[in-house]
Amino acid sequence: MANSGTWLPAARGARFRLVRKIIHLDMDCFYAAVEMRERPELAGQPVAVGGGSRRGVVTTCNYEARAFGVRSAMPGFKAREICPQLVFLPVRFDLYRAASARVREILCDVTPLVEPLSLDEASLDVTALDRFAWDLAKEIRQRIFEKTGLTGSAGIAPNKMLAKIASDWRKPNGQFAITPDQVAAFMRDLPVRKLWGVGPKSAEKFATAGIQTCGDLQRFSLPEMIARHGKWGGELYHLCRGEDDRPVEPHRIRKSLSKECTYLENLESLDDCRAAMDDLIAELREELRGQAGDRRIRKIFVKMKFADFTRITRECLADEPARAIFHRLFETAWRSADGRPVRLLGTGVRFADSAGGGAPLDITQPLFEF
């Protein structure tokens, strides 16, 4: 019988009740790491991948660049200002997809229960394996390094949410575990900002109400949370206690695919937004090539979030992610901006159900907001 309740080498004499053992793997600064692997002469230099022009943004960067304050979504010109020696490289999705596929092969050698979340992230359910999850995570990371030359960080926990949080705890090239008996204490001191769905604005509102940690949030009952925050309050009630019963879904059918970016500096002009939109459209089309297979598209949409945190989405029927249609939708949305600076842009597609087909573009189809 598998010792599925056994977690860490330090706990060899102990047994927990049967719970899931989830590993969340997050590759370290993936795009930049792949580029540096291909260009060994860049070792030790600050490197960013993305648009280095005034209207471009940093897609990702290595840790040498982060030491200067360069961050993802930072405007290219700003990144060059704070790090004049920064090496800017264009995005090459074919290269990243190939590296991601090799990593995924390694994960699937360990267990068929692998749920890819993006090119550089995945969750694994190793509950049924007669191995310590900690040892498996170390072995996976070592094999990835030997086969690809890339490093990844891992989080180990009883559920997907906690494993994802844990994977960020020992970056880069490390791992961190939250065992079932540690969950309550871990959650008490965890900043609310770490919970899924809590952004900067929500965190600010919580802080104003004296709520800084999940322990602070746990003082409220389920009815109180729902009364204050609606359906999301019910989810938060469980999340702030470390409760997440979502299974790892290896064959989850994707209903949509999108690319979005929250900008460190708000986009002030129509031209800046158009340039940023073109970058997102290009990324989306590349991602569709790599992940969507033969899925048929039914709708495309754009999303905008303004500096005041209000948000609008526009969409229409279409069977392809055409640049002209995205821009038409964006310009319709822009007219609703009333001059407000834009802090987030997004592009995406919604797929047709398996029983239905993609719909051709219907120019008369009304645009709508939600």
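Quick notes on this one:
- Selection count where residues are within 21 Å of Ala276 (Cα to Cα) and either aliphatic (A, V, I, L, M) or in contact with a Lys or Arg (Cβ under 7 Å, 6 or more places away or on another chain) (or both), scope the stretch 62-75: 3
- Unique residue being part of a loop (DSSP other than H, G, I, E, B), at pLDDT 60 or above and more than 18 Å from the chain's Cα centre (by Cα) when the list is Arg15, Arg20: Arg20
- Enumeration of residues in the stretch 167-208 that are within 19 Å of the chain's Cα centre (by Cα), of a type in the set (D, E, K, R) and in the same structural domain as Glu235 (by TED's automatic domain parsing): Arg193, Lys194, Lys201
- Near pairs, Cβ below 6 angstrom, 6+ apart or cross-chain, from the stretch 246-260 (assigned to a loop (DSSP other than H, G, I, E, B)) to any residue that is of a type in the set (Ser, Thr, Tyr): Val248/Ser123
- Subset tally (residues that are in a helix (DSSP H, G or I) and either under 11 Å from Ile23 (Cα atoms) or of a type outside the set (Val, Ile, Thr) (or both)) for the stretch 145-162: 6
- Condition met for Ile281 (more than 30 Å from Asp338 (Cα to Cα), among the aliphatic types (A, V, I, L, M) and at pLDDT 90 or above): no
- Qualifying residue in the stretch 229-251 (condition: surrounded by fewer than 12 Cβ atoms within 10 Å (Cβ to Cβ) and within 27 Å of Phe309 (Cα to Cα)): yes
- All positions within the stretch 190-210 that are over 16 Å from Met225 (Cα atoms) and either touching a Lys or Arg at 6+ places or on another chain (Cβ under 6 Å) or at pLDDT 95 or above (or both): Leu190, Pro191
- For Arg295, the criteria (1) surrounded by fewer than 19 Cβ atoms within 10 Å (Cβ to Cβ); (2) in contact (Cβ under 8 Å) with a residue 12 or more places away in the chain; (3) not in a loop (DSSP other than H, G, I, E, B); (4) not aromatic (Phe, Trp, Tyr) hold in every case but one, which is (3).
- In the stretch 105-128, the residue that is nearest to Ile22 (Cα to Cα) out of those that are surrounded by 15 or more Cβ atoms within 10 Å (Cβ to Cβ) and among the charged types (D, E, K, R) is Asp125.
- Subset tally (residues that are among the hydrophobic types (A, V, I, L, M, F, W, C) and either free of Cβ contacts under 8 Å to residues at least 24 places away in the same chain or in a helix (DSSP H, G or I) (or both)) for the stretch 114-144: 7
- For the stretch 163-185, the count of residues that are crowded, with 20+ Cβ neighbours inside 10 Å, touching a residue at least 40 places away in the same chain (Cβ under 8 Å) and in a strand (DSSP E or B) is nonzero.
- Among the residues of the stretch 207-228, some residue qualifies, meaning at least one is loosely packed, with under 15 Cβ neighbours inside 10 Å and in contact with a helix residue (DSSP H, G or I) (Cβ under 6 Å, 6 or more places away or on another chain).
- Scanning the stretch 196-241 for residues that are under 21 Å from Ala163 (Cβ atoms), hydrophobic (A, V, I, L, M, F, W, C) and assigned to a helix (DSSP H, G or I) yields Cys214, Leu217, Leu236, Leu239.
- Among all positions in the stretch 120-133, there is at least one residue which is within 23 Å of Gly197 (Cβ to Cβ) and either aliphatic (A, V, I, L, M) or in the same structural domain as Trp196 (by TED's automatic domain parsing) (or both).
- Residue check for Leu89: touching an Asp or Glu at 6+ places or on another chain (Cβ under 6 Å) and of a type outside the set (Val, Ile, Thr): yes
- Hey, Arg289 closer than 25 Å to Ser100 by Cβ, exposed (fewer than 14 other Cβ atoms within 10 Å of the Cβ) and either among the aromatic types (Phe, Trp, Tyr) or at pLDDT below 90 (or both) or not: yes
- Residues being assigned to a strand (DSSP E or B) and at pLDDT 90 or above - total across the stretch 59-99: 5
The values are calculated or read from the model by the stated rules, or taken from the named source; none is laboratory data. Note that the structure is predicted; figures quoted are calculated from it, not measured. Cβ coordinates were reconstructed from backbone atoms using ideal geometry, including for glycine residues, and neighbour counts include every protein chain displayed.
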